[in-house]
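Remarks on the structure that follows.
The values are calculated or read from the model by the stated rules, or taken from the named source; none is laboratory data. Worth saying up front: this structure is predicted, and the values here are computed from it rather than measured. Note: ideal-geometry Cβ built from the backbone for every residue, glycine included; neighbour counts use all protein chains shown.
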Amino acid sequence: MTEVTGGTFWKVYTHGQIVGTEEFPPLTATGLKDITAMAELMEYYPPVNLYDKRLRSFAKALGPAWIRVSGSWATKTYYDFEGTTDGKAPEGYQSILTKEQWIGVLDFVRALDGKLFN
C-alpha cells in the first residue's frame with residue numbers, strides 16, 4: 001500500500017549491510033516492545049509511478065502475476081475516493097489512497113495482464 005500512496009516504510013539496506021561489512025541496527029536498541037521507537041529503521045518514500053514504462057516492462061517480464069495492494073500499512077490508509085480530505089489523513093490514519101491512485105493500480109494490473117489480490 002505504501003508504494004501506491006507514499007509514506008513511511010522500512011529503510012533499504014545499505015550496500016555494506018548487504019555484503020556484510022556493515023552491521024544492522026540492533027533490534028533490541030529500537031525497543032521492539034514499542035513500535036513507535038523504530039523511527040531509525042523507517043524512511044519516507046514517495047508513491048511509485050505505476051505508469052513508468054520501465055517498471056511495467058520489468059513487471060510484465062516476470063510473467064503472469066498476482067498484484068497485492070494490502071498489508072499492515074493498508075489498515076492505516078484512509079480511502080478517499082471522493083476527495084473529501086484535502087490531502088490530509090484523518091485522525092487515526094497515516095496515509096490516503098485517492099481515486100486516481102486506485103485507478104493507477106487497476107491500470108497497472110491490466111497492463112501486466114495480472115490479477116488483483118487484496
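At-a-glance table
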quantity: Qualifying residue in region 48-63 (condition: among the β-branched types (Val, Ile, Thr) and free of Cβ contacts under 8 Å to residues at least 40 places away in the same chain); calculated: no
quantity: Residue check for Tyr79: of a type in the set (Ser, Thr, Tyr), at pLDDT 90 or above and in a strand (DSSP E or B); calculated: yes
quantity: Residue list for region 86-101, restricted to those being farther than 19 Å from Tyr44 by Cβ and either touching a strand residue (DSSP E or B) at 6+ places or on another chain (Cβ under 8 Å) or of a type in the set (Val, Ile, Thr) (or both); calculated: Pro90, Lys99
quantity: Single residue of Val105, Val109 found to be in contact with a strand residue (DSSP E or B) (Cβ under 7 Å, 6 or more places away or on another chain), crowded, with 18+ Cβ neighbours inside 10 Å and of a type in the set (Val, Ile, Thr); calculated: Val109
quantity: Selected residue (criterion: surrounded by the most Cβ atoms within 10 Å (Cβ to Cβ)) from residues of region 56-85 that are of a type in the set (Ser, Thr, Tyr) and within 19 Å of Pro46 (Cβ to Cβ); calculated: Thr77
quantity: Residues of region 8-43 that turn out to be more than 17 Å from Lys76 (Cβ to Cβ), in a loop (DSSP other than H, G, I, E, B) and either touching a Pro at 6+ places or on another chain (Cβ under 6 Å) or at pLDDT below 65 (or both), as a count; calculated: 3
